[in-house]
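I have placed the structure first, in the form of structure tokens, so that the comments after it can refer back to it.
Please treat every number below as a calculation from the coordinates, not as lab data. Only a predicted model underlies this, so the values are computations on that prediction, with no experimental measurement involved. Cβ atoms come from the backbone with ideal geometry, glycine included; neighbour counts cover every protein chain shown.
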């Protein structure tokens, strides 16, 4: 069971110190621009954190229609995973839903 949180103005009590710091420094932050990074600094941030730049962050797909394509490791993990449904449990002779178009991941 989760502990009951005491809310202060809609925020949990443990966040009050952070909120006070944000409020205290808000005007200074609103009126100053952060220092622009150099191209070297940008490259370093990208190489360190961006999945398209992190070494080893992508690999070739080993099976299926897109075999050989390069994709992020997490996507390849999903594509190459074992199915959740056991093939013996699936009966294609008994159709539950008949559709004209099935859209997967329409976002």
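What is the distance, in nm, between label points placed 7 Å from the Cα along the Cα-to-Cβ direction at residue 15 and at residue 49? Placing both labels 7 Å along Cα→Cβ, they lie 2.1 nm apart. Axis angle, to the nearest 10 degrees, between helix 39-49 and the longest C-alpha principal axis of the chain: 50 degrees.
Computed from the coordinates I sent, semi-axes √(5λ) of the Cα gyration tensor in Å equals one of (1) 45, 29, 15; (2) 26, 14, 11; (3) 23, 17, 9. Tell me the label. It is the one labelled (1). A straight chain from residue 70 to residue 27 at 0.36 nm per residue would run longer than the Cα-Cα distance by 10.9 nm.
Ranked by how many other Cβ atoms sit within 10 Å of their own Cβ, fewest first, the residues 35, 58 fall in the order 35, 58.
Cα centroid separation, segment 30-61 to segment 64-91: 30 Å. Using R0 = 30 Å, the C-beta based FRET efficiency linking residue 100 and residue 61 works out to 0.55. Given 37 °C and 0.692 mPa s, how large is the Stokes-Einstein diffusion coefficient of segment 9-69 in µm²/s, with Rh as the Kirkwood radius over Cα pairs? Stokes-Einstein gives a translational diffusion coefficient of 201 µm²/s.
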